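What follows is a set of notes on a single structure, which appears directly below.
The values are calculated or read from the model by the stated rules, or taken from the named source; none is laboratory data. All values reported here derive from a predicted model rather than from experimental measurement. FYI the Cβ positions are ideal-geometry reconstructions off the backbone, even for glycines, and counts take in every protein chain you see. Heavy atoms of the whole protein, side chains included, go into the accessibility calculation; ligands, DNA and RNA do not. Shrake-Rupley method; radii C 1.70, N 1.55, O 1.52, S 1.80 Å.
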Amino acid sequence: MRILLTNDDGYHAPGMAVLEAMARQLSDDIWVCAPAEEQSGAGHSLTLSHPVRIRRHGERRWSCTGTPTDSVMMAIGRLMPEPPDLILSGVNRGANLGDDITYSGTVSAAIEGALAGVRAIALSQVYAREGMGDNVPFGAAEAWGVRVLRPLLDMETPPRTLINVNFPAIPAEEVKGIRVTRQGFHDYGRGSIVEGVDPRGYPYFWFGLHGIEHSLGHDSDLEAIDDGYISVTPLQLDLTHDASLAALRGVYAG
Ligand code: MN
């Protein structure tokens, strides 16, 4: 099984090493292509206005100056002789839950895999405190990762779908188990804009992160993490809101 690894926190991110250790328990045919710099919050963006450059770090290992989506596109379209059987994206430093997943470079790299017809799984480690930098504890992901992944590999994957996995912010031995969930939603406005002044005297603004404040929808990814479970959510690329189709057609029928 040929596995492509990527990580929106960057080629050198700690979560990349966690993911590679996990993947090597599943296969020895491992390929890596990840953004050279952190791309968290890049969503599904594709670099169009300037070139992307590739740096080779060893056999089957590259970084890419672009986004997570660029990395997957380059790997499949150019760097790998054949497409992978599986794309693993992560392990992200921080949650990718509820509405937030549309901002996520981690989930978007998996989306790019799903678009290319490759089985794709995004993995994220939730953590409790802000400001931990490279010291985010990945213990839950390290201990449970392969247990979560193995059954997914035996499942048939419908086209244009992917799996979003989040590990809770608790020590591995306190994890209660694995829960299959649906995508939840947050109910706060998107505030937390930090204002400052740069060394040259110009004001700047910096988007901060919220703690998890949310509505605990039943069976949601957010609720599972809150309850101490690993959340496994099947996602689809079709964003159509079926329930509105008839009403909207009615609006234009007159
Ligand atoms: Mn990230």
Sole exception among (1) open to solvent by 30 Å² or more (accessible area, probe 1.4 Å); (2) more than 16 Å from the ligand (Cβ to nearest atom); (3) at pLDDT 95 or above for ASP99, by number: (3)
Give the residue that is most open to solvent (accessible area, probe 1.4 Å), with candidates limited to residues of segment 102-124 that are within 15 Å of the ligand (Cβ to nearest atom) and among the aliphatic types (A, V, I, L, M). ILE111
Answer with yes or no whether VAL136 is within 13 Å of the ligand (Cβ to nearest atom), open to solvent by less than 20 Å² (accessible area, probe 1.4 Å) and in contact with a strand residue (DSSP E or B) (Cβ under 9 Å, 6 or more places away or on another chain). yes
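For HIS44, state whether it is open to solvent by 40 Å² or more (accessible area, probe 1.4 Å), out of contact with any Ser or Thr (no Cβ under 8 Å at 6 or more places or on another chain) and in a loop (DSSP other than H, G, I, E, B).
no
Could you please give the count of residues in segment 1-24 that are over 14 Å from LEU123 (Cβ atoms) and more than 14 Å from the ligand (Cβ to nearest atom)?
Residues in segment 1-24 being over 14 Å from LEU123 (Cβ atoms) and more than 14 Å from the ligand (Cβ to nearest atom): 3 in total.
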For THR161, work out the one condition from (1) open to solvent by 10 Å² or more (accessible area, probe 1.4 Å); (2) hydroxyl-bearing (Ser, Thr, Tyr); (3) within 16 Å of the ligand (Cβ to nearest atom) it doesn't fulfil. (3)
Scan segment 40-49 and give yes if some residue there is β-branched (Val, Ile, Thr), within 16 Å of the ligand (Cβ to nearest atom) and more than 24 Å from ARG150 (Cβ to Cβ), otherwise no. no
Failed item, numbered, when TYR127 is tested on (1) more than 16 Å from the ligand (Cβ to nearest atom); (2) open to solvent by 10 Å² or more (accessible area, probe 1.4 Å): (1)
Those residues of segment 149-190 which are polar (S, T, N, Q) and closer than 20 Å to MET22 by Cα, in sequence order: ASN164, ASN166
Filtering segment 79-107 down to residues that are over 14 Å from ASN164 (Cβ atoms) and either part of a loop (DSSP other than H, G, I, E, B) or free of Cβ contacts under 8 Å to residues at least 24 places away in the same chain (or both) yields MET80, PRO81, GLU82, PRO83, PRO84, ASP85
